[in-house]
1. Just one of L152, L119 is more than 20 Å from the chain's Cα centre (by Cα), under 30 Å from I321 (Cβ atoms) and hydrophobic (A, V, I, L, M, F, W, C); which is it?
2. Taking interchain pairs and intrachain pairs at least six residues apart, which have beta carbon atoms under 6 angstrom, with the first residue in the range 185-197 and under 19 Å from P310 (Cα atoms) and the second of a type in the set (S, T, Y) and assigned to a helix (DSSP H, G or I)?
3. Could you please tell me which pairs satisfy a Cβ distance under 9 Å, a separation of 6+ or placement on different chains, a first residue in the range 231-250 that is closer than 15 Å to A270 by Cβ, and a second residue that is of a type in the set (K, R) and buried (at least 24 other Cβ atoms within 10 Å of the Cβ)?
4. If you go through the range 317-335 one residue at a time, do you hit one that is modelled with pLDDT of 85 or more, surrounded by 12 or more Cβ atoms within 10 Å (Cβ to Cβ) and under 28 Å from S239 (Cβ atoms)?
5. Taking the range 205-240 as the region of interest, how many residues are among the polar types (S, T, N, Q), in contact with a Pro (Cβ under 8 Å, 6 or more places away or on another chain) and within 14 Å of P141 (Cβ to Cβ)?
6. What are the residues in the range 253-310 that are aliphatic (A, V, I, L, M) and under 30 Å from R122 (Cα atoms), if any?
7. Could you grab me the full set of residues in the range 119-142 that are touching a residue at least 60 places away in the same chain (Cβ under 8 Å), surrounded by fewer than 17 Cβ atoms within 10 Å (Cβ to Cβ) and part of a loop (DSSP other than H, G, I, E, B)?
8. Before we move on, is D146 surrounded by fewer than 20 Cβ atoms within 10 Å (Cβ to Cβ), among the charged types (D, E, K, R) and assigned to a loop (DSSP other than H, G, I, E, B)?
Amino acid sequence: MAEHGEDVPAYRTIRMTAPDAPVAALADVEAWQAREAYPLMVSAGGPVFGVAQEREEGGWKLHRFFCNDTPQGAREGMSMTFRRLAQEAEQAGREADHEECMRAAVKLDWEKVDEMTVLGTRYRVVRAERFIRTGPDGPEPPRPSDPDPAELGRGNEAPDPSAGFVIDPVTPTGMSEGILKAELLALVRAEGTVPADVRDDSLVAAREHPGGVLLPATFMTAERIGGHWAPFSGADATSPQGAREVLAVHLRVMAPIMRRLDPEERASYAGAADLFEEERGADLEVCGRHWRIVRVERLVRIGPDGPEPPRPSDHDPELPILEHDRILREQGSIPDEDAPIELDDTAKELMVAFQQEEEHRRRRRKRS
């Protein structure tokens, strides 16, 4: 099925087909049911960025860690890719290839570059918008069909479903995903809701990158405060268990210190965190606070030349590492690497708490 007939460019195509596997069919049914229970689509916060490389057979393949909240984080990931390729070329005796890869890596250490061609392959920093479904009950939690393979205490080790994912708009999707993609592509920032440059960039993106692909879902934590839900955790997790464990660590380590909880409250927080991880639920209430693991949809826009790169209005405050170092040296702000690091009382308390958390997690993994 095409979006506007059979003669539109491939990048504007939305192909939908009946799922041919039971798991895919179940996922499509759940996606349709989610439209009824959580009918509204809202922004999940700022975009995320990662690295993709163009494939000879078509489409763009994503690299690991498509989770950077600024383009510079993705550029540094691209630099690491080029250094790895340089090492492989050196080990294989391909000196010219080694030099080409290192030149590209060093260039990224000094300059903000979002696309490079290295060894005949194009690499690009790619942008994805984040959305969540919400309804009368609040934001949508994980679905039963969402992969959640991580064992207790190993949520951060779950495979990243985005690694190796191919951005190709002609790949067929289920009916529900295809409809969702069309709805998200039609969204632009409403006037007055964001700065003017952000809205202008969203209009340009809709015109220059009118196609799109949905990436595998990620998961975040939200807290209900005063009748409204607000994002709670930082970077999205690649699995529901990963998001649970981020929240659990906060409850066992950060909250007791930062909120100065009394012993009874600390015990309540720790017990609730342990049970939450073990039972693998979606909602957690403790001491009058309510959290939920929330499902996050991510959309990469596509144009005639491939996936959308960062926009001019995207938050991009960091400088490339060597350029940042140069400026600090000119300002005389380079710290003495041999000087002892002095921690305040809170930092010392947090350090001890994280050490205790590691031991706690090690014991629980051993028992399980």
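The values are calculated or read from the model by the stated rules, or taken from the named source; none is laboratory data. Keep in mind the model is a prediction, meaning the values are calculated, not measured. As a convention, Cβ positions derive from the backbone with ideal geometry for all residues, glycine included, and neighbour counts pool all protein chains shown.
1. From the options L152, L119, the qualifying one is L119.
2. So the pair list comes out as V188/S202; R189/S202.
3. none
4. Yes: the range 317-335 contains one or more residues that are modelled with pLDDT of 85 or more, surrounded by 12 or more Cβ atoms within 10 Å (Cβ to Cβ) and under 28 Å from S239 (Cβ atoms).
5. Result for the range 205-240: 2.
6. Answer for the range 253-310, where residues must be aliphatic (A, V, I, L, M) and under 30 Å from R122 (Cα atoms): V296, L299, V300, I302.
7. Quick first cut of the range 119-142, residues touching a residue at least 60 places away in the same chain (Cβ under 8 Å) only: 121-135, 137-142.
From the residues that got through so far, the ones that are surrounded by fewer than 17 Cβ atoms within 10 Å (Cβ to Cβ) too are 121-122, 135, 137.
The one that is touching a residue at least 60 places away in the same chain (Cβ under 8 Å), surrounded by fewer than 17 Cβ atoms within 10 Å (Cβ to Cβ) and part of a loop (DSSP other than H, G, I, E, B): D137.
8. Yes: the conditions hold for D146.
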